[in-house]
Structures are given as C-alpha cells and as structure tokens.
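**Q** Below you will find the structure I want to go over with you.
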Amino acid sequence: MTEKQYITPEQEQAIRAIPHFARGVYRDIDLNGAIDYYTRRYVGPLGAFTDLGAEDVVADIGTGYGWLAIAFALRRRARVIAVDMDEARLDSAQRIAQILGVGDRIDWRVGMLGRLPMADGEARVTYCIEVIEHIGRARPAIQDLARVSAETLVVTTPNLFFPVIAHDTGLPFCHWLPLDWRQRYAGLFGRTDRENTNLFWSPPSLLGELAGFEVVSRFLHFASRRDYIATFPIYVPYVGGGMRRRDGRLKSVYYRAASLLGRRSLYAMPSLACTLRRRA
C-alpha cells in the first residue's frame, strides 16, 4: 500500500508468523505502511525541533509492537529505549526488531507509566503515543514522563474538550458522561463494544502536570500545518485506519482555522498531540 519498502517479503512472512502478533487485532495491517507511518509522522518531524546524535536516547513509552522504536532504529543513529507493560507483546516487538535487523539497537524494558524503569532525564526525547487515555487521569503517570525526559516530550492523546472522540464510540459528548451513563448511551446506538471506559485529558490538566515544559509545536506535534500536510498520502495502521490521501473537506477547513491559533491550536483540536520542550 506504500511505495516505500522497509520490509522484504521474507521478513514480512516471519513477522506474521509470530504467534502473539498473529493472534492480535493488528495482524492484518500493512507492515511497510506501519513503519512508513511512524517514520513520516514522528521520526521525520522531530528534526524541526532537535537534532539527534549517536549518543542521544529516544524513548518510546507504551511501544506496543515496537513500530515507532523500530522506525527510529532504522532511520536515526540515536539509541532507543522501548517500554511496555505487556511482557508478551514486548517480546514479540523484540522479535520483530530482530527480524528487521535492528534488535540490538533497541533496549527493551518491561514497565508502566508511574513506575517507568528509567533514570531521571535518561531520554533526550520521549514519545508517548496514544497511551495516557488508557491509564485513567493518573497525575503520577504524566509526572513520570516529565521525569525521564531531559529535553523534548511528544505526547498524543484525545482531547477531553472536543465534543466527539473517534478513538472510542464516536458519539457526541459521550466521553463527558459518567462511565455508567456512557455505557447506556453507547448501547442505544449499538456501540457498547467501542465504549472502552477511557478517561481523557484536557489541555489545562495535561499541561498543568507538565509545568516544567512548554509547547513548541504549532499544529498537532508538527512545527506547522504544512509539515502535517506533507505527510500525505499515508497509511494509518490503526484498527479502522487504511490509506489516507488527504483530509476530508470539512476536516481540512476546520484544521486550517485551528492552525491560526499556533501553539494554542491544541485547545481546539480533537487530539492533544504536541511537542514540548523542557524550560530553560
């Protein structure tokens, strides 16, 4: 689905044969597309904010099957730490990295937010992509991200203020309701299976726990909306994702208007995606 080829057919066959991956919900994703997505959406855009040397460390918190960590290992000289609380999934991620020839470039650690197995400031750059909504509004978890990040922190998570969160039910205002009401609301539209009891952060609550950092991105976690647009066409490797040639017309108009807010655009966006830098 993507012209860029990171994985050979033989490597793809070996990855799809890993039992944990073969049983998972992501077993049918386009593997080249997944690495291309993380490369173009995260690895490349980081260059607008900081340069990484061979001795620098990038941390991927909640790495899952390791696609972001692998993308960094394939494209940058920096050392990589990949953390996940699911030991079996982390083992599968390590096997995927070994198949792709970068297993020794990544330090795999079992751990969870709030008790990350990392030293203070161990990572120059830390990524936490679509994770914090799954752990409740736990302040120690966000403070832990700040603790391990020496310079730059990239976070993405749905925005509590936005009236619709496609991440879950996609029903207007559902995530503003108490959990038991959310189940009933979702049930009325046959979406109970999509109500995951996630708890979301608002811009003030998230940034309040990251007082030692300032937002440096001006549109999502990018330096500009132009940089975001430049990533299209792109394969989105999430459940319900697939190839995206561009944003829809209404979404594009809304995003263009929100981008005029610059660093404060995250208050109006459906995602709190942002790049933050530690204050001097």
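The values are calculated or read from the model by the stated rules, or taken from the named source; none is laboratory data. Because the structure is a prediction, the values reported are computed rather than measured. Cβ: placed from backbone, ideal geometry, glycine included. Neighbour counts: every protein chain shown.
**Q** Looking only at region 151-184, which residues are surrounded by fewer than 18 Cβ atoms within 10 Å (Cβ to Cβ) and either basic (K, R) or outside any loop (DSSP other than H, G, I, E, B) (or both)?
**A** E151, W176, L179, D180, W181, Q183, R184
**Q** Kindly check whether there is at least one residue in region 187-201 that is hydrophobic (A, V, I, L, M, F, W, C), under 20 Å from the mean Cα position of the chain (by Cα) and not in a strand (DSSP E or B).
**A** Yes, region 187-201 has at least one match.
**Q** Give, as residue ranges, the helices (runs of 4 or more DSSP H) completely inside region 18-90 that count at least 1 residues that are within 15 Å of Y238 (Cβ to Cβ) and modelled with pLDDT under 95.
**A** none
**Q** I'd like to know if region 205-218 contains one or more residues that are among the aliphatic types (A, V, I, L, M), in contact with a helix residue (DSSP H, G or I) (Cβ under 6 Å, 6 or more places away or on another chain) and assigned by TED's automatic domain parsing to the domain that holds A257.
**A** yes
**Q** When the residues of region 91-135 are filtered to those that are touching a residue at least 60 places away in the same chain (Cβ under 8 Å) and part of a strand (DSSP E or B), which remaining residue is surrounded by the fewest Cβ atoms within 10 Å (Cβ to Cβ)?
**A** The extreme case among them is R124.
**Q** Another question, then. Tell me whether region 263-275 contains one or more residues that are in contact with a strand residue (DSSP E or B) (Cβ under 8 Å, 6 or more places away or on another chain), in the same structural domain as L46 (by TED's automatic domain parsing), closer than 24 Å to L31 by Cβ and of a type in the set (A, V, I, L, M, F, W, C).
**A** Looking through region 263-275, at least one residue is in contact with a strand residue (DSSP E or B) (Cβ under 8 Å, 6 or more places away or on another chain), in the same structural domain as L46 (by TED's automatic domain parsing), closer than 24 Å to L31 by Cβ and of a type in the set (A, V, I, L, M, F, W, C).
**Q** Let me ask something else. Pick from V148, V215, V236, V154: which is touching a His at 6+ places or on another chain (Cβ under 7 Å), within 20 Å of E130 (Cα to Cα) and β-branched (V, I, T)?
**A** Answer to the check: V154.
**Q** Right, another one. Please specify each residue of region 223-280 satisfying the condition of being β-branched (V, I, T) and either surrounded by 15 or more Cβ atoms within 10 Å (Cβ to Cβ) or part of a loop (DSSP other than H, G, I, E, B) (or both).
**A** Hits for region 223-280 are I229, T231, I234, V236, V239, T275.
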